[in-house]
Each structure stands twice: as structure tokens, then as C-alpha cells.
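Participant: To start, I am sharing the structure in question, which I have written as C-alpha cells.
The values are calculated or read from the model by the stated rules, or taken from the named source; none is laboratory data. Just so you know, these numbers come straight off a predicted model, no measurement behind them. Glycine also receives a Cβ, built like all others from the backbone with ideal geometry; neighbour counts cover every protein chain displayed.
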Amino acid sequence: MPIYDNLIQVPANGLLFSRLQLCKTGKRILLAPGNNYSELAPTSALFSCAHYLPFYLTLMQFIKHLVLSCVTVGAFACTTSACAADTPTSLKGVEVVDAGKAKALMASGAKMIDTRVSNEFAEGHIVGAVNVPYKEKSAKAADFDSAADTFDLSKLPADKSQAIITQCNGPECWKSYKGATAAIKAGYKKVYWMRGGFPEWKARGYPVE
């Protein structure tokens with residue numbers, strides 16, 4: 001069947017699309033279910049743009065609102081630590097070690113510094129570790145501003161030649177990275193950073209309490 005300039009031919013299962021085209025263009029719609037053709041015009045008794053268009057606009061507004069809401073929620077979520085970037089894999093002046101090396105260092109006299117908050121430490125920590133919470137307000141970035149943070153260096157060993165190891169909640173936790181940075185700036189000569197933190201230590205089955 002011929003298609004004229006003011007006629008759009010679509011399959012019958014494309015009725016939703018057909019109605020949209022009908023309301024947006026004002027052209028008549030030709031439905032083609034099999035070989036039986038029927039025409040749906042703007043004035044058809046079977047369909048009215050006056051009924052469909054408000055529904056369509058409301059639907060579009062709802063979808064737009066939903067998308068904007070998702071973007072807003074996503075942006076809010078990304079202000080939390082869960083959305084922060086992982087810590088760098090290296091730190092100038094500091095040796096990055098895994099749990100096995102950290103355990104060996106502790107056996108040789110190195111002091112394990114747990115930079116997590118006190119309640120996390122109380123829930124479970126490495127045997128022999130000392131809790132020195134790094135209270136951060138700075139950005140979770142390598143160029144963080146340490147002036148915004150609080151870290152009690154007086155709780156670290158008085159002898160700055162003694163080896164210390166900082167750790168917290170794994171690669172996504174910046175407290176031990178920042179704590180190690182603070183220790184280096186304070187003049188400690190042997191600073192190690194266990195980037196995998198407490199989760200890695202536990203995964204290895206090493207002693208905790």
C-alpha cells in the first residue's frame with residue numbers, strides 16, 4: 001500500500017511509537033498488522049492526542065526527574081570515602097610492605113602503628129599494635145593538606161631511628177598513608193607502610209586480638 005507525505009507506516013506492535021509520531025508531527029499513522037491495514041488519524045475515535053500527549057509529557061518529566069535524582073544521589077555518594085580513589089602504590093621516603101614483611105619487621109622490633117579510629121581498633125587489631133588515630137579532614141589525595149588533620153606524634157616511639165609501620169583499613173584507607181607522611185616529615189628514619197592494612201593481615205591468618 002503506498003505511503004504518502006502525510007502518512008507514516010509502522011507495525012501494529014509499534015503503537016506507542018505511532019502515537020508519539022502522531023502527536024508530535026500531526027501526521028496520520030498507518031498500522032500494518034499482517035496484511036490488514038488500518039489508519040489512525042489525529043481525529044480518530046480510537047485515539048486522541050488530547051488524552052495521550054499529557055500522559056507522554058508527564059512520563060518524560062518523570063524520567064527526567066529520575067535521571068537527575070540518580071545523578072544527585074551518585075554525586076552525594078561520591079563525597080564519601082567509599083567513592084574515594086585508592087591510595088597511591090608508593091610513597092616517597094617510605095617502604096611499602098605487605099603483611100608478611102610487616103610481620104617479619106615486627107619480629108625484629110618494628111612498632112606497628114594502627115591509624116584507625118579507636119572504636120575500630122577496639123573491635124579488633126594486630127597483636128602488639130599501638131593505636132594512634134589519624135583524624136583526617138583533608139582531601140583523600142596525595143597532595144593533601146596535613147594542616148587540616150590531627151595526628152599525635154607524641155604517641156610514636158621517642159627514638160626516631162626505630163622502625164615503625166603504619167596501617168589502617170586497606171588500599172582505600174588514607175589514614176596510614178597520611179600517618180606515614182607525617183612520620184617522615186617529623187624525622188623518623190625507618191618508616192614502613194602496610195598498604196593492605198588490617199584486612200590483609202587478617203586474610204593471612206596472622207594474630208589479632
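Participant: Under 7 Å between Cβ atoms, at least 6 apart or on separate chains: pull out the pairs that start in segment 125-146 with a residue that is outside the structural domain of Ala183 (by TED's automatic domain parsing) and closer than 18 Å to Ala85 by Cβ and end on any residue that is modelled with pLDDT under 95 and of a type in the set (D, E, K, R).
Facilitator: none
Participant: Still on this model: Please verify whether segment 147-156 includes one or more residues that are assigned to a strand (DSSP E or B) and more than 21 Å from Gly205 (Cα to Cα). Walk me through how you get there before you give the answer.
Facilitator: Start the filter on segment 147-156 by keeping residues that are assigned to a strand (DSSP E or B), which leaves 150-151.
Keeping just the survivors that are more than 21 Å from Gly205 (Cα to Cα) gives 150-151.
Yes: segment 147-156 contains one or more residues that are assigned to a strand (DSSP E or B) and more than 21 Å from Gly205 (Cα to Cα).
Participant: Also, quick follow-up: How about segment 150-164: which of its residues are exposed (fewer than 10 other Cβ atoms within 10 Å of the Cβ) and either in contact (Cβ under 8 Å) with a residue 12 or more places away in the chain or aliphatic (A, V, I, L, M) (or both)?
Facilitator: Hits for segment 150-164 are Ala158, Ser161.
Participant: For segment 165-203, which positions are part of a loop (DSSP other than H, G, I, E, B) and touching a Lys or Arg at 6+ places or on another chain (Cβ under 8 Å)?
Facilitator: Across segment 165-203, the qualifying residues are Cys168, Asn169, Gly170, Pro171, Cys173, Trp174, Ala186, Gly187, Tyr188, Lys189.
Participant: Here are some conditions: (1) farther than 20 Å from Gly109 by Cα; (2) of a type outside the set (Gly, Ala, Ser); (3) surrounded by 14 or more Cβ atoms within 10 Å (Cβ to Cβ). Asp143 meets all but one. Which one does it not meet?
Facilitator: (3)
Participant: Out of Thr79, Thr150, Thr166, report the one residue that is under 27 Å from the mean Cα position of the chain (by Cα), of a type outside the set (Asp, Glu) and modelled with pLDDT under 95. Break it down into steps so the answer makes sense when it comes.
Facilitator: Numbers: Thr150 fails: modelled with pLDDT under 95; Thr166 fails: modelled with pLDDT under 95.
Result of the check over Thr79, Thr150, Thr166: Thr79.
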